[in-house]
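To keep things clear, I will list the structure first and then write my remarks on it.
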Amino acid sequence: MTVIALELNDAGVLAADASGVLSPASPGVALIEGRSIEVGREAASGARLKPRRIHDRFWNDLDTKALKRPFPTHLSTADLVHRHLQQIWSEVGGDAHSVLLAVPGTFDERQLSLILGIARSCQIPVNGLVDAAVAASLGPANGPPDVLHLDLQLHAVVATLLERRRRLSRVRVRVDDRFGLADLHTRWASHIAADFVRTTRFDPLHLADSEQSLYDHLPAWLRELQKSNTVTVSIEAGGRRYAIDLSRAGMVGAVQRQYDNLVETIRAVRPESAPPTLVVTDRLATLPGLEDHLSRAHETTVAVLQPAAAATGAVRAANQISATTESLPFITVLATGADASHHPRTPAGTHTPAAGGRPPTHLVHDSIAYPISEVPFAIGVSIPEDGRGLQIPPTTAGVSGIHCTVFRRGDSVILADHSTSGTSVNGRRVAGSTELAVGDTVSFGSPDVELLMVSMVD
């Protein structure tokens with residue numbers, strides 16, 4: 001079966017399969033002229049020529065509400081996402097039988113549902129949904145215990161704290177919308193234009209064509225400045241070619257405040273214990289001087305991911321992500337190393353036969369076994385004094401008052417999720433309720449609260 005993963009980031013949506021990246025990044029940009037809509041690379045190439053016709057926040061603001069003028073009010077951001085996904089799928093879909101979506105932690109549940117609905121209307125056979133940071137950072141079981149994944153979007157930076165034990169688990173997400181790739185490009189364009197004016201008296205931002213040319217060349221210039229302290233850049237306008245020497249130090253200075261803001265974001269989300277390994281996407285790594293800036297600021301290792309790391313990571317972990325049910329759980333936990341090959345493929349919410357045909361009789365927490373009966377056994381931070389259940393310390397993040405209940409129903413044992421932050425069985429989030437089997441592990445909260453299902457024999 002052919003498996004493709006789509007990495008959803010408005011700075012550039014990427015597709016990958018087992019062989020690698022399938023197409024160039026497609027930015028979340030739409031050029032809207034009446035009923036004509038261009039998206040992706042074609043739209044970005046006209047962004048400076050027709051700036052009032054450009055919409056580049058439709059992924060960030062995904063909704064079904066009508067667009068505000070000057071855009072046609074019969075359109076919504078959901079319509080633009082639909083057009084974008086449709087175009088990407090036409091480029092890479094081929095004979096794919098299974099599609100996994102690697103999505104950032106910026107989307108809420110309503111937006112995730114919208115994305116799934118849009119994908120289905122595009123006839124994209126989505127059967128798995130995974131957090132992009134988790135998929136991108138999946139590595140050996142003996143990797144660093146704490147990882148801070150950083151990614152860059154058009155209008156935000158996303159910092160995701162991950163914890164690696166036997167599994168790689170998402171702990172928390174922080175979104176810094178003070179800047180993104182679009183803001184950085186604007187600042188660098190202004191800096192470069194000022195250098196052109198000082199050196200040649202030519203202002204590339206004065207004319208739409210030369211401004212577009214500057215923005216078109218900017219990504220390549222940034223990559224060159226990763227390797228060199230100075231690079232000669234040129235722009236052609238009015239039959240003449242203008243050239244200047246562009247320095248890495250000057251480019252870093254132009255966005256110093258934004259780099260410092262990123263350092264603040266990292267400090268806000270990182271654990272107070274030992275500093276985590278910083279894992280940055282290639283989108284961030286191409287920013288001149290940023291890797292050195294982060295290394296000095298945090299005195300820790302900075303690892304750079306390969307392009308489309310979230311998409312390729314999702315493909316490698318397809319056995320853990322793919323679901324066989326209509327309802328797709330959002331995967332935020334993945335097994336690592338050798339554990340990954342033994343990770344069950346059956347998603348939470350479907351029946352898994354209990355060992356020896358026997359349902360669990362007890363749940364085990366911190367080496368204490370609690371019997372399971374027809375009376376619901378409640379787990380949470382606010383168990384009634386006269387209630388039957390397991391009291392979780394109130395300092396545990398992500399645990400609701402009554403987080404979940406476990407009870408016997410006929411010959412089956414059922415877990416019902418009552419939480420706002422979710423409950424997972426064997427690393428897969430539960431949608432409402434699911435049947436439990438001997439050997440199943442229930443987990444939630446941060447640090448992880450784990451319950452093991454066992455069967456005791458007389």
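The values are calculated or read from the model by the stated rules, or taken from the named source; none is laboratory data. Remember, it's a predicted structure, so these values are computed and weren't measured experimentally. Here Cβ is always computed from backbone atoms with ideal geometry, including for glycine, and neighbour counts include all displayed protein chains.
Just checking, which of ARG187, ARG174, ARG198 is in contact (Cβ under 8 Å) with a residue 60 or more places away in the chain, of a type in the set (Lys, Arg) and part of a helix (DSSP H, G or I)? Going through ARG187, ARG174, ARG198 in turn, just one is in contact (Cβ under 8 Å) with a residue 60 or more places away in the chain, of a type in the set (Lys, Arg) and part of a helix (DSSP H, G or I): ARG187. Every condition in (1) surrounded by 15 or more Cβ atoms within 10 Å (Cβ to Cβ); (2) at pLDDT 95 or above is met by THR199 except one, and the failing one is (1). The condition (being buried (at least 17 other Cβ atoms within 10 Å of the Cβ) and assigned to a loop (DSSP other than H, G, I, E, B)) is satisfied by just one residue among VAL413, VAL442, VAL438: VAL438.
Looking across VAL454, VAL425, one residue alone is aliphatic (A, V, I, L, M) and surrounded by fewer than 23 Cβ atoms within 10 Å (Cβ to Cβ). It is VAL454. May I ask you to verify whether LEU112 is touching a Phe, Trp or Tyr at 6+ places or on another chain (Cβ under 8 Å) and either part of a helix (DSSP H, G or I) or more than 27 Å from THR2 (Cα to Cα) (or both)? Yes; evaluated as a whole, the condition is true for this residue. Of everything in segment 129-148 that is touching a helix residue (DSSP H, G or I) at 6+ places or on another chain (Cβ under 6 Å) and at pLDDT 95 or above, the residue that is nearest to ALA11 (Cα to Cα) is ALA132.
If you go through segment 67-98 and keep only what is at pLDDT 95 or above and among the basic types (Lys, Arg), you end up with just ARG83. Within segment 394-410, if we keep just the residues that are surrounded by fewer than 16 Cβ atoms within 10 Å (Cβ to Cβ) and either within 28 Å of GLU374 (Cβ to Cβ) or among the aliphatic types (A, V, I, L, M) (or both), the residue that is modelled with the lowest pLDDT turns out to be GLY410. Counting only residues that are without any contact (Cβ under 8 Å) to a residue 12 or more places away in the chain and assigned to a helix (DSSP H, G or I), which one in segment 204-229 is farthest from GLY253 (Cα to Cα)? My answer is ALA220.
Here ARG408 meets the list (1) more than 30 Å from the chain's Cα centre (by Cα); (2) assigned to a loop (DSSP other than H, G, I, E, B) almost entirely, failing just condition (2).
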